[in-house]
Amino acid sequence: MADKHSVETVKKLLEAAKPRKFKESVELAVNLRDVDLSVPKNRVDEEVVLPKGRGKSIRICVFASGEIQPQEIEEYATNKRKARGLAQACDFFIAEAPLMPVIGKRLGVVLGPRGKMPRPVPPTADPTNLITAMRNTVRVRSRDKPTFHAALGTRDMPPEDLAENLDAVMRRLIGKLERGRFNIRSAYLKTTMGPAVKYL
């Protein structure tokens, strides 16, 4: 059950944003304070499973003997443009564990800075559960900037569902920050093209 304040803020956001002809995303924008982001351990880099899903399909790339063959990794490694295109096209990556060293060595330079290094899976394991969870996952990542965004879903989702996703992201964020809520200067909700509505 979503927090009442979250539901009210989402409803206010949806009323303020005029309808568009495409499926708009709903995002949370967070401004941190009193956090030294030049120190990597203070940075936010969390994966949050949204209880109500993302409202749109997510592309997951699998490095395995099935989808992307080991010899294809080399093709991506020697063609930086192709590698960047792959990193852009896919939201998450998973890989058979034995392929991780070669992926790290050959594609780490492209995937690493984007926070998209693959999640390793044992060769005999069934990745179905991991893939299902990733389809509902968002990455909340500050890098070294005090302002960052996180997707909460799409505008056509019920306000209560968006609010539940918002609560899940905020709980994780507050739990991650050293001083919790006191490290958040402000937070806003926004649709792709609509005005920002203050949440905190």
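The values are calculated or read from the model by the stated rules, or taken from the named source; none is laboratory data. Remember, it's a predicted structure, so these values are computed and weren't measured experimentally. Neighbour counts run over all protein chains shown; Cβ positions are idealised from the backbone, glycine included. Remember, those area values only see protein heavy atoms, side chains included, never the ligands or the DNA or RNA. Shrake-Rupley method; radii C 1.70, N 1.55, O 1.52, S 1.80 Å.
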Over segment 70-85, the set of residues surrounded by fewer than 18 Cβ atoms within 10 Å (Cβ to Cβ) and either assigned to a helix (DSSP H, G or I) or aliphatic (A, V, I, L, M) (or both) is P70, Q71, E72, E74, E75, T78, K80, R81, K82, R84, G85
Looking at segment 110-131, is at least one residue buried (at least 20 other Cβ atoms within 10 Å of the Cβ), under 13 Å from V26 (Cα atoms) and modelled with pLDDT under 95? no
Note: among L162, L152, just one is part of a strand (DSSP E or B), of a type in the set (A, V, I, L, M) and closer than 15 Å to T9 by Cβ, namely L152
Selection over segment 1-16 where residues are part of a helix (DSSP H, G or I), open to solvent by less than 60 Å² (accessible area, probe 1.4 Å) and closer than 11 Å to E160 by Cβ yields a count of 3
Flagged in segment 139-198 as aromatic (F, W, Y), surrounded by 15 or more Cβ atoms within 10 Å (Cβ to Cβ) and farther than 14 Å from E46 by Cα, in numbering order, are Y188
- Message: Tell me whether segment 36-57 contains one or more residues that are more than 21 Å from the chain's Cα centre (by Cα), in a loop (DSSP other than H, G, I, E, B), in contact (Cβ under 8 Å) with a residue 60 or more places away in the chain and surrounded by fewer than 18 Cβ atoms within 10 Å (Cβ to Cβ).
- Response: yes
task = Determine whether K56 is within 30 Å of I174 (Cβ to Cβ) and not aliphatic (A, V, I, L, M).
result = yes
Result of the Cβ filter at 6 Å on segment 3-19, keeping first residues that are closer than 11 Å to P195 by Cβ and partners that are open to solvent by 60 Å² or more (accessible area, probe 1.4 Å) and outside any helix (DSSP H, G or I), at least 6 apart or interchain, is A16/P195
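Every residue, every condition in (1) without any contact (Cβ under 8 Å) to a residue 60 or more places away in the chain; (2) not small (G, A, S), yes or no:
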position	(1), (2)
P101	yes, yes
L111	yes, yes
M117	yes, yes
P122	yes, yes
D126	yes, yes
A133	no, no
V138	no, yes
G153	no, no
A163	no, no
